[in-house]
Amino acid sequence: MSKKRQLIRRKSQTYPLPPPPPPLLSFYPRNQSTLKPSPSSSTLSQLSPITMNDPKGTVVFSTVGRPHYGFDLFSLPLNSSNNLAPEHRLSDGISVNFNAQFANDDPHSVVFISERTGLPAIYLTRPGLPTPKLLHSEPGSLFHDRPILKNDILYFISAHQHPNRPFKSWSALYSTTTTLLLDEDQNQNPKTTRLTPSDSVDYSPAISQSGQFIAVASYGSRPWDGEFHHLHTDIVVFRASQPSKRVLVCERGGWPTWSGDAVIYFHRQDDDGWWSIFRVDFSQDLESSSRYPITPTRVTPSGLHCFTPAALHDGKQIAVATRRPEKNFRHIELFDVESKTFRLVTETLNPNFHHYNPFVSTNSQFLGYHRFRGESTQWGETTIPYLEPVSSPIKQLQMLRIHGSFPTFSPNGDLIAFNHDFDADAGIKIVKSDGSKRWNLIKDRAAFYNDWSPTEKHVIFTSLGPIFQSAKTTVQIARIEFNPSDLDGDKEEIPCNVKILSKEDTGNNAFPSCSPDGKSLVFRSGRTGHKNLYIIDAVNGEFNGDARRLTEGQCIDTMPSWSPKGNLIAFSSNRHNPDDVAVFGIYVIKPDGSGLRRVYAAGDDVEKERINHVCFSKDGEWLLFTANLGGVTAEPVSLPNQFQPYGDLYVVRLDGSGLRRLTWNGYENGTPAWLEGNEVVDMGRLRLENEVGGDKLKGQFEEPLWISCDF
């Protein structure tokens, strides 16, 4: 065991449990008077209060992959023969439904997570319920995960209590009694208890067969190291009746599952590169600290990946999700721990769908999982809405997820321009901000990052060329002009004029942002071999005068945003550490090149900041951005691909104070745009499915790209 782990390992120790969760949604405090980190900010003893000056308006943003999921829950009976019975659908095809468990040992009742109300909340479905019942949504929480209903106690992960420091996950285990929740006539709020110590992070709970013991994948009190391919969690066990006394049973592991009360299986990536299932035999003695940690035994062989195990209590089999080298899809298989053989399950039923996170009934007779519901289904939602409401932690700030990236509002907010699909060269589309209609502006051309002229409704600026390329790759700034009256008819293809504003031999020019008077553009260019900011004329570009250099240095300055006041330009940069292309902070500069300074959002830990996609509020006093400040919320290996499964949206005042978190989930959220003013998006209409347009739901998402079968 490493010296570091010897220092941080806690064998059998009593931890202080925190007070009941506060109904606050602010993050840790900021120094109110300076842009530099406050020496006292590490104490983090106060929260930013909710005030009349809170951010307001509408934020529209993108989430990698999430619009395509269409997850539903399915189960099938297990038997000794190799003949599988047909799947039984458990959920109703509304929104996404995932991470389920059979409830209270009843193989016909299921608790699960659904996002049908704009946030991941806990639902129950069982025979006799016409629709799933909202079982629990913790006040103040916009994230719930991995619910378990055992002996009328509901256990779940929530992320509503801030850890009082940045770069640490908010995820923790809670419990509440369900007798009130299950009673249709009761209006009382049951008491919720936090089971995770106040300084710790827990994921992926599992309850033993008797309900006496709980296992979690725990980060403990360690700070997040920035990893997301394989979280550095340990398997920790405690009694349900004594959650403060925890034992680190095994180092390096995630997603535990019990077989009876004496065996724990879990997954981890082994030294040979393959994700495998491991086993520890648990003595049920939490007093003898010398027994722990236990060296686990590898159960599944190399040559394939095995994740997210669910052990059958008969002690003979484990349900696992697998990725085999010769296969393109994740499937559920049964592994016999005695014969060391696999039995195919979902590949026989649905060979061309991904299947995730198996769960089994207490009597070992039923197996469940979630998957894409399918294109040809006759039930449930079959379209991806152009715009989807998402719950917001701030009452006067609306949140919308767009099916696309890099949205930008028209001057009066009635339209949104965005990029639909980078891989398909889908160009630029325009959608009504109530989600009712969409048009194609540019087709069959690679485009990304758009900015609508604040003074001209018929002008949109964009970047033409491939995204995520080197400084010398040809990408050009373009001015797109169209006739707004063409949006009033039945046309789907809108004629437009494309005018190139940057010279072809100047490398990678991208991320344009227009000045509030509509006369100038700031953008990022790689013309010197390094990516810095430049300013050009918004009508004629650099063909009527040279581009004026705004920043310089052997660093990456990118994604600029011009303040609506016109006095500042905000951007992301690694100029504080040019050798590290994974760390970015917020910088602001005046349009004349003076006053360059950094806005510190993360207190004393500024060197860990990864902040991108910065934009201003209308009054220029708030910055909206995506960042890694909240760590990882759920085990990434249990989800489809997320390039950065730690990207959440935040706002902070221009002086670095008042940091507020806006999104909580296991996805990558980013590319936000912010609308303020008299025009507001009609959220009510967005909820009327027959009035909102959408694309065909096809389940077009990928497995994590960092899971390789080629060693």
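Here are the numbers for the structure shown:
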{"read-out": "Residue within region 431-444 that is under 30 Å from T528 (Cα atoms) and not hydrophobic (A, V, I, L, M, F, W, C) present", "value": "yes"}
{"read-out": "Subset of region 471-526 [charged (D, E, K, R) and closer than 24 Å to P564 by Cα]", "value": "R479, E481, D517, K519, R524"}
{"read-out": "In region 635-675, the residues that are assigned to a loop (DSSP other than H, G, I, E, B) and either within 13 Å of L623 (Cα to Cα) or among the aromatic types (F, W, Y) (or both)", "value": "F643, Y646, L654, D655, G656, S657, G658, L659, L662, W664, Y667"}
{"read-out": "Qualifying positions in region 53-81 - farther than 30 Å from E703 by Cα and either open to solvent by less than 10 Å² (accessible area, probe 1.4 Å) or assigned to a loop (DSSP other than H, G, I, E, B) (or both)", "value": "N53, D54, P55, K56, T58, S80, S81"}
{"read-out": "Subset tally (residues that are in contact with a Ser or Thr (Cβ under 8 Å, 6 or more places away or on another chain) and either in contact (Cβ under 8 Å) with a residue 60 or more places away in the chain or more than 16 Å from A570 (Cα to Cα) (or both)) for region 524-554", "value": "9"}
{"read-out": "Flag if E333 is assigned to a strand (DSSP E or B) and either under 20 Å from R371 (Cα atoms) or not acidic (D, E) (or both)", "value": "yes"}
{"read-out": "Residues of region 511-546 satisfying the condition of being modelled with pLDDT of 95 or more, among the hydrophobic types (A, V, I, L, M, F, W, C) and under 19 Å from V475 (Cβ atoms)", "value": "F511, C514, L521, V522, F523, L533, I535, I536, A538"}
{"read-out": "Residue satisfying all of: in region 243-283; more than 24 Å from D314 (Cβ to Cβ) and of a type in the set (F, W, Y); surrounded by the fewest Cβ atoms within 10 Å (Cβ to Cβ) among these", "value": "W274"}
{"read-out": "Criterion: polar (S, T, N, Q) and either closer than 23 Å to H313 by Cα or not in a loop (DSSP other than H, G, I, E, B) (or both) - qualifying residue of S169, S141, S198, S210", "value": "S210"}
{"read-out": "Among (1) under 27 Å from G620 (Cα atoms); (2) crowded, with 23+ Cβ neighbours inside 10 Å, the one test that S502 misses", "value": "(1)"}
{"read-out": "Verdict on D605 being open to solvent by 50 Å² or more (accessible area, probe 1.4 Å) and at pLDDT 95 or above", "value": "no"}
{"read-out": "Residues within region 82-103 that are within 25 Å of F335 (Cα to Cα), part of a loop (DSSP other than H, G, I, E, B) and either of a type outside the set (A, V, I, L, M) or within 21 Å of the chain's Cα centre (by Cα) (or both), tallied", "value": "4"}
{"read-out": "Residue list for region 122-136, restricted to those being within 30 Å of Y650 (Cα to Cα) and open to solvent by less than 20 Å² (accessible area, probe 1.4 Å)", "value": "I122, Y123, L135, H136"}
{"read-out": "Looking only at region 488-505, and only at residues there that are in contact with a strand residue (DSSP E or B) (Cβ under 6 Å, 6 or more places away or on another chain) and not in a loop (DSSP other than H, G, I, E, B), the one that is modelled with the lowest pLDDT", "value": "E493"}
{"read-out": "Test: residue in region 137-148 that is of a type in the set (A, V, I, L, M), open to solvent by less than 10 Å² (accessible area, probe 1.4 Å) and in contact (Cβ under 8 Å) with a residue 12 or more places away in the chain", "value": "no"}
{"read-out": "Residues within region 398-417 that are within 24 Å of V96 (Cα to Cα) and hydrophobic (A, V, I, L, M, F, W, C), tallied", "value": "4"}
{"read-out": "Residue, least open to solvent (accessible area, probe 1.4 Å), within region 349-385, restricted to residues that are part of a loop (DSSP other than H, G, I, E, B) and of a type in the set (S, T, Y)", "value": "S361"}
{"read-out": "Selection status of D336, within 23 Å of E635 (Cα to Cα) and surrounded by fewer than 19 Cβ atoms within 10 Å (Cβ to Cβ)", "value": "no"}
{"read-out": "Of all residues in region 86-113 being small (G, A, S) and under 24 Å from L349 (Cα atoms), the one that is surrounded by the most Cβ atoms within 10 Å (Cβ to Cβ)", "value": "A100"}
{"read-out": "Some residue of region 365-379 being touching a Gly at 6+ places or on another chain (Cβ under 8 Å), under 28 Å from H160 (Cβ atoms), touching a residue at least 60 places away in the same chain (Cβ under 8 Å) and not β-branched (V, I, T)", "value": "no"}
{"read-out": "Members of region 387-402 found to be assigned to a loop (DSSP other than H, G, I, E, B) and out of contact with any Ser or Thr (no Cβ under 8 Å at 6 or more places or on another chain), listed by number", "value": "S392, P393, I394, K395, Q396"}
{"read-out": "Failed item, numbered, when D421 is tested on (1) in contact (Cβ under 8 Å) with a residue 24 or more places away in the chain; (2) within 23 Å of the chain's Cα centre (by Cα)", "value": "(1)"}
{"read-out": "Residue in region 461-482 that is aromatic (F, W, Y), open to solvent by less than 10 Å² (accessible area, probe 1.4 Å) and outside any loop (DSSP other than H, G, I, E, B) present", "value": "yes"}
{"read-out": "Hits in region 541-590 (condition: within 21 Å of Q644 (Cα to Cα), of a type in the set (D, E) and either open to solvent by 60 Å² or more (accessible area, probe 1.4 Å) or more than 32 Å from the chain's Cα centre (by Cα) (or both))", "value": "D579"}
{"read-out": "Residues being under 24 Å from N412 (Cβ atoms) and either of a type in the set (A, V, I, L, M) or open to solvent by 50 Å² or more (accessible area, probe 1.4 Å) (or both) - total across region 433-460", "value": "10"}
{"read-out": "Residues of region 284-325 classified as surrounded by fewer than 21 Cβ atoms within 10 Å (Cβ to Cβ) and within 29 Å of the chain's Cα centre (by Cα), total", "value": "3"}
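The rows are residues; the columns are (1) open to solvent by 60 Å² or more (accessible area, probe 1.4 Å); (2) within 29 Å of Q378 (Cβ to Cβ); (3) modelled with pLDDT of 90 or more; (4) not basic (K, R).
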position	(1), (2), (3), (4)
S657	no, no, yes, yes
R660	no, no, yes, no
N669	no, no, yes, yes
V680	yes, no, no, yes
L688	yes, yes, no, yes
D695	no, yes, yes, yes
G699	no, yes, yes, yes
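The values are calculated or read from the model by the stated rules, or taken from the named source; none is laboratory data. Being a predicted model, the structure only gives us computed values, none of them experimental. Using ideal geometry, Cβ is built from the backbone for each residue, glycine included, and neighbour counts are taken over all protein chains shown. When the accessible area is computed, the model is the full protein with side chains, heavy atoms only, and any ligands, DNA or RNA have been set aside. Shrake-Rupley method; radii C 1.70, N 1.55, O 1.52, S 1.80 Å.
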